[in-house]
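See structure below.
The values are calculated or read from the model by the stated rules, or taken from the named source; none is laboratory data. Since we're looking at a predicted model, the values are computed, not measured. Here the Cβ positions follow ideal geometry from the backbone for every residue, glycine too, while neighbour counts run over all protein chains shown.
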Amino acid sequence: MNQPHIHLLDLPDEMLLTIFKKLHNTSVLYSFLDIGNNRLDTLLRDQTLTNNIDLTSIDDITILHRALFCVLPRIHHNVRDLTFETSSINRVFRAGNYPKLTHLKIKDPSITKNDGLFLSDLQSNIFSSSTLTELYIYVHNFNDCLCLLDGRLSQLKSFTVRVYDVDAPSSITHNQNNLLKFKYFSLICYNDICIYDNRIIPLLHRMPNLQQLLLCLTIRNRNGLIDGTNLQNEILIYMPLLNNFACDIRTRNLNNGSLPTLSNDDIQQTLSNIKYGPMMGSIRYFSTNSYLCHIFTLPFVFDRLQCLTNHFPNAIFDRVCYLSINDVLPFEHEFFIRLSHAFPSLKHLTVINTTAQQNNNQSYSLIEFKNLNYLNVMPADISYLAQFLLNTRTNLPSLAELHVKYKHLKTVTEDFTRDATRFNCTKMKRLYTEGTSSFTVRVYDVDAPSSITHNQNNLLKLKYFSLICYNDICIYDNRIIPLLHRMPNLEHLLLCLTIRNHNGLIDGTHLQNEILIYMPFLNNFACDIRTRNLNNGSLPTLSNDDIQQTLSNIRYGPMIGSIRYFSTNSYLCHIFTLPFAFDRLQCLTNNFPNAIFDRVCYLSIHDVLPFEHEFFIRLSQAFPSLKHLTVINTTTQQNNNQSYSLIQFKTLNYLNVMPADISYLAQFLLNTRTNLPSLAELHVKYKHLKTVTEDFTRDATRFNCTKIKRLYTEGTSVHSNDYFRYFPLIYN
């Protein structure tokens with residue numbers, strides 16, 4: 001070993017294998033397999049390196065792609081234990097047939113957002129195995145679960161399944177044979193189950209040889225509650241070999257009078273004869289006709305606990321990361337002291353309680369939730385927001401996401417000036433207020449000059465970024481692009497921008513080459529980007545198809561693109577993702593897709609081609625939540641058909657037709673064309689209004705004006721008596 005330079009490949013095979021086994025096998029396989037060295041390829045196919053593959057340990061998307069496309073196809077015949085996320089399922093199964101696979105785990109990274117895998121339509125020879133003994137999976141509905149138990153996995157002994165929807169209807173007749181080889185079964189469903197007795201109980205009765213059983217369920221509208229007596233008589237008595245049982249079961253029922261009023265002690269008494277460790281039971285009556293019965297085993301084995309009330313035991317729930325608390329009695333400060341001690345690993349907390357805290361003691365002992373990074377107090381009284389944000393009561397050093405009513409936030413923070421609430425807000429990255437669905441930086445003026453030299457370091461911890469600016473941006477390349485390049489680890493990106501006088505348009509090619517290529521971890525992207533340019537002749541005349549073609553390789557869901565030439569020297573290019581993620585949409589033209597924009601409340605439409613009646617029919621159907629509409633179009637409607645189908649904009653309360661031809665005012669005010677039951681504010685040229693309403697006497701336009709409270713007109717400030725009779729709420 002006195003040689004100054006020894007290459008890795010100078011080492012003997014035994015030593016190389018010993019080194020490789022000390023390292024993470026997926027990293028080794030990614031780094032050295034298929035690099036053009038036959039000796040390494042042979043060594044790396046050793047079974048000890050390839051029989052256990054965990055793709056969830058890979059954070060780098062580039063490495064994951066290489067593992068899926070280059071590594072798995074070469075080693076699939078050796079793999080016995082395989083773990084990956086649901087998003088990779090197609091690529092994993094295309095990589096090989098895994099003839100030795102015995103243990104399979106298909107994990108879902110999100111506990112709240114995804115709906116599980118759809119498997120019930122697969123033929124019995126697909127997703128089948130004669131070697132698999134252990135399966136861990138998240139499926140969409142109970143039919144997907146049952147189809148996996150129809151004989152296609154003949155050697156299965158251990159089955160862990162999370163189901164999104166147990167109640168989904170099915171026309172399929174599933175195999176009802178007993179599952180005699182089953183030793184372990186775990187069933188989790190966080191959504192309500194209404195047909196528990198018809199779905200869950202028959203399945204459990206097919207497992208007579210079960211040794212371990214885990215159930216996490218919420219049952220609703222059942223004829224009777226799930227207590228210890230029900231567990232014993234309906235489940236446990238059918239499993240004579242069972243030696244380990246854990247559960248977390250909630251019954252949420254309407255009390256129709258068939259059940260006597262019970263106490264916590266009554267529920268606890270029914271659990272006294274359950275032999276599988278300590279069990280806790282409680283019942284809470286939320287009103288005269290509804291109740292929640294909750295039973296669970298200790299120690300608590302699940303990572304999520306729902307509907308915890310003031311009544312919980314003095315125990316440590318160290319596995320629980322996700323918790324919701326729900327009661328009609330107030331959660332006082334002392335309750336949160338207990339909560340912080342009982343849930344040391346807590347990361348997500350939702351508070352559901354509309355009863356205000358009663359204890360206004362000014363001397364509080366400080367509570368710390370060290371790991372809490374998500375807090376939802378949207379369905380709670382304002383006192384709970386104060387409980388968490390005031391640094392004299394609670395310390396939240398890791399809080400990154402807050403869901404809250406805006407008016408509560410504004411009050412508790414004293415219009416965002418209160419020092420006592422500032423500290424617990426400093427690390428927040430995502431703020432959702434009354435329906436806002438993203439961490440949003442909304443900027444009024446991107447182009448404002450600055451003499452400040454800002455920090456240009458990369459924002460390596462940033463995972464989610466949303467930027468909205470509704471005003472025109474002229475220095476996009478100098479401001480927006482450099483900022484986005486500082487976010488290499490971004491996973492979610494939302495952009496809503498209007499760019500003006502840019503040297504070229506923003507299309508799919510620009511998005512890919514200037515933004516998306518710099519974000520290798522990005523898995524969610526939504527945008528609404530408009531380019532408004534003068535056409536100086538450097539750009540050839542393009543069609544909608546040309547713009548759409550540039551978007552074909554963007555992999556983040558469907559994208560729509562169009563271009564409209566407004567004159568010989570100006571154009572508007574518009575690209576956006578579907579489903580549309582923002583509540584405001586600007587400059588929509590006649591060319592928009594057959595989609596539902598159910599989040600959009602604020603809309604402006606702009607074109608040089610006329611908006612005909614048929615366009616507004618489509619608009620009313622595509623924008624069911626529309627409240628504010630601005631029409632920009634000086635081209636008169638051409639279709640003068642006297643027979644119009646009636647359009648209704650049920651929620652529209654603001655209409656601006658000031659920058660539009662008079663025909664559009666008639667389109668909206670004539671009750672033979674449009675019904676506007678909520679219209680409260682109208683912006684219009686006075687001469688147009690006077691003409692269309694026939695000097696405020698026309699009955700056909702009267703109805704859509706009766707609820708208007710604010711009228712902004714251009715042209716006169718002197719009004720006749722007929723004017724005030726026409727707008728009675730303005731007169732009053």
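State the number of residues belonging to segment 114-149 that are modelled with pLDDT of 65 or more and part of a loop (DSSP other than H, G, I, E, B).
Initially, segment 114-149 is screened for residues modelled with pLDDT of 65 or more, giving 117-119, 127-149.
Keeping just the survivors that are part of a loop (DSSP other than H, G, I, E, B) gives 118-119, 127-128, 130-133, 148-149.
Result for segment 114-149: 10.
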Exercise. Just checking, which of LEU588, LEU551, LEU572, LEU603 is among the aliphatic types (A, V, I, L, M), within 15 Å of ILE529 (Cα to Cα) and in the same structural domain as THR630 (by TED's automatic domain parsing)?
Worked result: LEU603
Exercise. Can you tell me which residues in segment 222-252 are touching a strand residue (DSSP E or B) at 6+ places or on another chain (Cβ under 6 Å) and either under 16 Å from TYR285 (Cβ atoms) or loosely packed, with under 13 Cβ neighbours inside 10 Å (or both)?
Worked result: LEU225, ARG250, THR251, ARG252
Problem set entry | Residue in segment 193-233 that is modelled with the lowest pLDDT, counting only those that are closer than 14 Å to ASP167 by Cβ and among the basic types (Lys, Arg) | ARG222
For this session: Please state which of the following conditions THR509 fails to meet, knowing it meets all the rest: (1) surrounded by 21 or more Cβ atoms within 10 Å (Cβ to Cβ); (2) touching a helix residue (DSSP H, G or I) at 6+ places or on another chain (Cβ under 7 Å); (3) assigned to a helix (DSSP H, G or I).
Result: (1)
Exercise. Hey, among the residues in segment 151-182 that are of a type in the set (Lys, Arg) and surrounded by 17 or more Cβ atoms within 10 Å (Cβ to Cβ), which one's farthest from PRO240 (Cα to Cα)?
Worked result: ARG152
For this session: Please identify the pairs in which a residue from segment 342-356 that is over 16 Å from VAL301 (Cα atoms) has its Cβ atom under 9 Å from the Cβ atom of a residue that is assigned to a loop (DSSP other than H, G, I, E, B) and hydroxyl-bearing (Ser, Thr, Tyr), counting only partners at least 6 apart or on another chain.
Result: LYS347/SER398; HIS348/THR112
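Please go through segment 565-587 and pick out each residue that is in a strand (DSSP E or B), more than 19 Å from LEU494 (Cα to Cα) and not hydroxyl-bearing (Ser, Thr, Tyr).
In the first step, residues of segment 565-587 are kept if they are in a strand (DSSP E or B); the result is 565-567, 570-577, 584-587.
Restricting the remaining residues to those that are more than 19 Å from LEU494 (Cα to Cα) gives 565-567, 570-572.
Scanning segment 565-587 gives PHE566, LEU572.
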Exercise. Tell me, which helices (runs of 4 or more DSSP H) wholly within segment 617-732 include 2 or more residues that are modelled with pLDDT under 90 and either within 30 Å of PHE582 (Cα to Cα) or out of contact with any strand residue (DSSP E or B) (no Cβ under 7 Å at 6 or more places or on another chain) (or both)?
Worked result: 721-726, 728-731
Exercise. Considering segment 550-567 alone, what residues qualify as being surrounded by 19 or more Cβ atoms within 10 Å (Cβ to Cβ) and of a type in the set (Ser, Thr, Tyr)?
Worked result: THR550, SER562
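Residue-wise test of (1) crowded, with 17+ Cβ neighbours inside 10 Å; (2) touching a Cys at 6+ places or on another chain (Cβ under 7 Å); (3) more than 25 Å from GLN512 (Cα to Cα).
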{"position": "ASN569", "(1), (2), (3)": "no, no, yes"}
{"position": "LEU572", "(1), (2), (3)": "yes, yes, no"}
{"position": "PHE576", "(1), (2), (3)": "yes, yes, no"}
{"position": "PHE580", "(1), (2), (3)": "yes, no, no"}
{"position": "CYS601", "(1), (2), (3)": "yes, no, yes"}
{"position": "SER604", "(1), (2), (3)": "yes, yes, yes"}
{"position": "PHE611", "(1), (2), (3)": "yes, no, yes"}
{"position": "LEU619", "(1), (2), (3)": "yes, no, yes"}
Exercise. If ILE267 satisfies every condition in (1) out of contact with any Gly (no Cβ under 6 Å at 6 or more places or on another chain); (2) buried (at least 18 other Cβ atoms within 10 Å of the Cβ); (3) of a type in the set (A, V, I, L, M) but one, which is the exception?
Worked result: (1)
Problem set entry | Residues of segment 191-220 satisfying the condition of being out of contact with any Ser or Thr (no Cβ under 7 Å at 6 or more places or on another chain), part of a strand (DSSP E or B) and not polar (S, T, N, Q) | LEU213, LEU215, CYS216, LEU217, ARG220
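Only one residue in ASP327, ASP318 is surrounded by fewer than 15 Cβ atoms within 10 Å (Cβ to Cβ) and under 29 Å from the mean Cα position of the chain (by Cα). Which one? Walk me through how you get there before you give the answer.
Values: ASP327 fails: surrounded by fewer than 15 Cβ atoms within 10 Å (Cβ to Cβ).
Going through ASP327, ASP318 in turn, just one is surrounded by fewer than 15 Cβ atoms within 10 Å (Cβ to Cβ) and under 29 Å from the mean Cα position of the chain (by Cα): ASP318.
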Exercise. Has segment 614-630 got at least one residue that is under 24 Å from ASP545 (Cα atoms) and charged (D, E, K, R)?
Worked result: yes
Exercise. For segment 455-464, does any single residue satisfy the condition of being surrounded by fewer than 18 Cβ atoms within 10 Å (Cβ to Cβ), over 23 Å from the mean Cα position of the chain (by Cα) and among the charged types (D, E, K, R)?
Worked result: no
